[in-house]
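Working notes for the structure below.
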Amino acid sequence: MSVVLKIDRRRRIVVSTFYGDVSSDEILRHGQEIQADPDFDPNFDEIVDFTSVTRALVSQATLGKLATLGRLAVNNSVFNAQTRHIIVAPAERAFRLAQKYKALTAATRPKLDVVRTLAEAYQRLDIEFPGIR
């Protein structure tokens, strides 16, 4: 899988950094990986970073499926309903996909935002930016 998961319990944040070619299946499976991590807390905030993605091979159907996960129950997401989610998408195609996802999840993930840089994501969460990786 082309994703690195980091859970920072001190800062109360989950950071998923995708890289290379990312498929719909990888995106759909990733929630299970987050939930299975012993450091995970559903009340933590989340950053999903697509900065290093070369191709987002994510279909419209996948966006719909991901959006539906939050509507199947009160909150079928692995995260709490009030979790802040930030998607970092500097590339135009990934940014447009993330904006579509945001629109699809407006009712179930009201605190989701899309930004262009990782520094901006940390700023939105009011967490000190750890620097360049």
Counting only residues that are in contact with a Phe, Trp or Tyr (Cβ under 8 Å, 6 or more places away or on another chain) and modelled with pLDDT of 95 or more, which one in region 13-36 is farthest from THR83 (Cα to Cα)?
PHE18
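For region 101-133, give me each residue that is in a helix (DSSP H, G or I) and in contact with a helix residue (DSSP H, G or I) (Cβ under 6 Å, 6 or more places away or on another chain). Show your work before the answer.
Step one: filter region 101-133 for residues in a helix (DSSP H, G or I), giving 101-104, 118-124.
Those that are in a helix (DSSP H, G or I) and in contact with a helix residue (DSSP H, G or I) (Cβ under 6 Å, 6 or more places away or on another chain): TYR101, LEU104.
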Cross-chain or 6+ apart pairs with Cβ under 9 Å, region 72-84 first and closer than 13 Å to PRO42 by Cβ, then loosely packed, with under 11 Cβ neighbours inside 10 Å and modelled with pLDDT under 70
ALA81/VAL74
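State whether one or more residues within region 96-108 are surrounded by 13 or more Cβ atoms within 10 Å (Cβ to Cβ) and within 23 Å of GLU128 (Cα to Cα). So that I can check it myself, show each step before the final result.
Looking only at region 96-108, we keep the residues that are surrounded by 13 or more Cβ atoms within 10 Å (Cβ to Cβ), and these are 96-102, 104-105, 108.
The next check asks that each one be within 23 Å of GLU128 (Cα to Cα); those that pass are none.
No - not one qualifying residue is present in region 96-108.
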Pair list, Cβ under 9 Å, 6 or more apart: region 101-124 residue closer than 20 Å to SER24 by Cα, other residue at pLDDT 95 or above and among the hydroxyl-bearing types (Ser, Thr, Tyr)
none
For region 13-31, which residues satisfy the criterion of being out of contact with any His (no Cβ under 8 Å at 6 or more places or on another chain) and either closer than 14 Å to ALA89 by Cα or exposed (fewer than 14 other Cβ atoms within 10 Å of the Cβ) (or both)?
VAL15, THR17, PHE18, TYR19, GLY20, ASP21, VAL22, ASP25, ARG29
Given the criterion at pLDDT 90 or above and aliphatic (A, V, I, L, M), identify the matching residue among VAL88, VAL58, VAL74, VAL78.
VAL88
Within region 2-58, the count of residues that are on the phi > 0 side of the Ramachandran plot and assigned to a loop (DSSP other than H, G, I, E, B) comes to 1
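The values are calculated or read from the model by the stated rules, or taken from the named source; none is laboratory data. Keep in mind the model is a prediction, meaning the values are calculated, not measured. No Cβ is skipped: glycine too gets one built from the backbone with ideal geometry, and neighbour counts run over all protein chains shown.
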